[in-house]
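Read the structure below first, then the notes.
Derivation of every value follows stated rules applied to the coordinates shown; laboratory data play no part. The structure presented is a predicted model; accordingly, all values stated were derived computationally and were not measured. All Cβ positions, glycine included, derive from the backbone under ideal geometry; neighbour counts span all protein chains shown.
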Amino acid sequence: MQKTIVKQLKKALIASGNLVDYSTKTVTLALSISDHKHRAHVEFIRRESFAAAWDVVAQRLVKIPATSWVRLESVQSAKRLPRAQFEKELAATFRMNYWRMGVSFDADFKTAILEMEINGQAFFRPSKDHKIGKTRSGSWVDYDRLVPYLERQRGKLPVDIQKTDYVWTFTTSGIFTDGQQVWEISTKEDTSKGIRILTDPKTEIANYIGEGERFLVNQIKEDGKFVYGYYPALQKVLSSYNSVRHFSSLYALLEAIPFTGRTADFARVKKAIQWGLDNATIEREGAVFINDNDELKLGGQALLMLTLSKYQEVTKDETFMPYLMKAFNGVPYFREASGKLNHVLNTDLTLKAAYRTIYYEGEVAFGLSRLYELNHDPAVMDYVKGILDYMVENDYGKYHDHWISYAINEALLVFPDNREYMKLGLKNVFIHMKFISERDTTYPTLLELVDAAVKMTDMIKASGNEDLLEPYDLNALRQVLRQRAEYEITTGSFLPEIAMYFYRPEKFIGGFYARHDNFRTRIDDCEHFLSGLVNYYNYTYGQD
């Protein structure tokens with residue numbers, strides 16, 4: 001590693017403070033190094049002074065490649081707990097993977113393990129009764145996995161970690177470098193803890209969008225089907241597949257590729273669209289539907305229209321227009337005479353489920369709006385208007401659905417003075433503002449909702465209907481927009497300082513994860529993150 005970077009690391013670590021544990025008169029540093037291809041090797045270095053500890057670190061750093069990922073942390077506080085108390089606190093943790101401290105089974109940190117080592121290999125497992133969400137995890141230590149790992153990383157263990165009377169929990173502060181830049185690691189007690197503090201959000205968000213587009217397009221296999229997802233902590237590839245999300249993920253790519261300028265990726269998207277049409281759709285009565293496990297979903301109809309419309313818009317390739325019109329022909333089968341939309345049909349077009357998720361209705365209004373932009377067919381806009389009028393009449397603003405906001409924005413291009421649509425769109429976001437601003441998980445659709453809402457408020461101003469905005473705090477809306485965008489990058493993205501603790505770290509750079517589900521990454525996780533960040537960047541910084 002370059003000497004200039006090593007010097008920067010030393011300076012930055014000293015600046016983080018609290019290096020000495022005055023109770024033991026020692027300095028404990030944790031050094032994590034990854035070559036991008038393998039999990040980080042972690043070493044705890046405990047000496048009587050910072051100078052002595054740093055000498056060991058410096059010796060390690062000068063021997064590694066310049067491009068290595070290095071995370072260097074100092075132990076800030078440590079607390080001894082009786083084993084029973086530690087186990088009780090671990091079990092009481094809300095959500096899986098939300099234990100946020102390091103653990104040592106001896107006082108000298110010879111059996112210490114960082115929080116991200118724990119999470120990167122799922123050493124703390126939830127109880128069988130745990131349900132994904134904010135519930136008590138019932139977590140316990142999987143010693144069958146942890147002991148062999150510690151022995152490989154640290155050598156012969158001085159104690160039997162399953163039988164010690166006490167367990168030490170600890171926090172750290174530190175820094176990370178990719179060999180070119182040094183970042184301070186956040187110590188805030190939220191989901192951003194242990195992840196870089198952004199120094200240049202505009203550049204860093206743009207860079208990660210590029211990584212995200214590359215990651216998602218690389219999940220498209222040679223035949224056009226996606227690798228659906230992974231549990232990186234468990235080294236597990238998901239075997240399930242959702243045909244609707246096949247198309248929605250392609251829609252996100254079609255938003256991201258114009259941003260990155262990697263137009264060669266359009267060919268892979270086209271192949272994936274064709275795979276979806278050949279393998280995941282059926283034709284009935286002159287209409288094409290996505291067939292997802294023998295279900296025809298309203299949301300599937302929407303995403304089929306959205307993806308094919310977006311492909312034609314950005315590539316000018318009209319190959320799929322016949323399929324697009326056949327997708328439109330399927331919409332009437334979901335609609336009752338009253339205007340109510342049913343959500344799921346059987347493959348013989350009979351009703352299976354009147355309701356599945358509120359997202360479907362906003363999705364189909366948005367999909368129809370995008371089709372209208374291509375063909376300007378009044379029949380298509382009549383459907384959009386009918387659906388939105390039904391939403392107004394039935395107070396759909398209470399659902400705070402980002403798809404509804406997207407659809408209203410498109411509709412306002414055609415009906416720029418429709419105050420009822422404006423009222424619906426404003427309620428759709430502002431009644432949800434407290435939840436959005438306080439949400440601790442990444443929840444990428446919230447960024448999509450606020451993206452669309454900010455754009456909507458500007459459209460309302462431009463239309464001369466500013467009186468509708470008087471009850472609402474537009475400044476708070478703008479603030480929460482930036483907050484959610486930067487929060488997503490630092491709490492849901494496989495940045496190197498997180499990825500380095502998983503198997504094949506470079507494989508996941510550009511991916512997005514759900515911490516509360518074993519850091520799961522699926523194509524539909526990626527699609528929402530990508531769409532939200534692309535739209536945020538374009539509207540926030542695209543004017544320069």
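Could you work out the local net charge near GLU410, counting Lys and Arg as +1, Asp and Glu as -1, over the other residues with Cβ closer than 13 Å to its Cβ?
On the way: positive: LYS310, ARG370, LYS385, LYS455; negative: GLU313, GLU363, GLU373.
So the surrounding residues net to +1.
What shape does the stretch 1-94 have by the C-alpha gyration tensor, where a ≥ b ≥ c are the square roots of the eigenvalues, rounded means a/c under 1.5, and otherwise prolate means a/b greater than b/c and oblate the rest? It is oblate, given that a/c is not under 1.5 and a/b is not larger than b/c. Here's the list of lysines a cross-link from LYS37 could span, going by alpha-carbon distance under 24 Å and ignoring same-chain residues fewer than 8 apart: LYS3, LYS63, LYS221, LYS236, LYS507. For TRP183, what is the net charge nearby, where nearby means another residue's Cβ is under 11 Å from its Cβ and Lys, Arg count +1, Asp, Glu -1? Once all neighbours under 11 Å are counted, the net charge is -3. If you take all other residues with their beta carbon under 13 Å from the beta carbon of ASP458, and give Lys and Arg +1 and Asp and Glu -1, the sum is +1.
Annotation: peptides 303-312, 90-99, ranked by per-residue average of other Cβ atoms within 10 Å with the highest first, follow the order 303-312, 90-99.
Quick one: order HIS343, HIS376 by neighbouring beta-carbon count within 10 Å, fewest to most. Please list the in-between numbers first.
Details: HIS343 22, HIS376 10.
Going from sparsest to densest Cβ surroundings: HIS376, HIS343.
Of interest is the spacing of the C-alpha centroids, which for the stretch 482-544 and the stretch 104-123 amounts to 26 Å. The separation of the stretch 375-399 from the stretch 172-246, counted between C-alpha centres, amounts to 36 Å.
Using a 10 Å cut-off around each Cβ, can you sort THR442, THR260 from fewest to most neighbouring Cβ atoms? Intermediate results must be reported in sequence, preceding the final value.
Values: THR442 26, THR260 18.
In order of increasing Cβ crowding within 10 Å: THR260, THR442.
The loop-placed GluC sites (Glu not before Pro) in the stretch 39-101, going by DSSP, that have at most 12 neighbouring Cβ atoms within 10 Å of their Cβ come out as GLU48.
Does the stretch 22-149 come out rounded, prolate or oblate by the C-alpha gyration tensor, with a ≥ b ≥ c the root eigenvalues, rounded set by a/c under 1.5 and, if not, prolate when a/b is larger than b/c and oblate if not? Oblate, because a/c is 1.5 or more while a/b does not exceed b/c. With the Cα gyration tensor of the stretch 202-541 giving a ≥ b ≥ c as the square roots of its eigenvalues, does the rule (a/c under 1.5 for rounded; else a/b larger than b/c for prolate; else oblate) give rounded, prolate or oblate? Oblate, because a/c is 1.5 or more while a/b does not exceed b/c.
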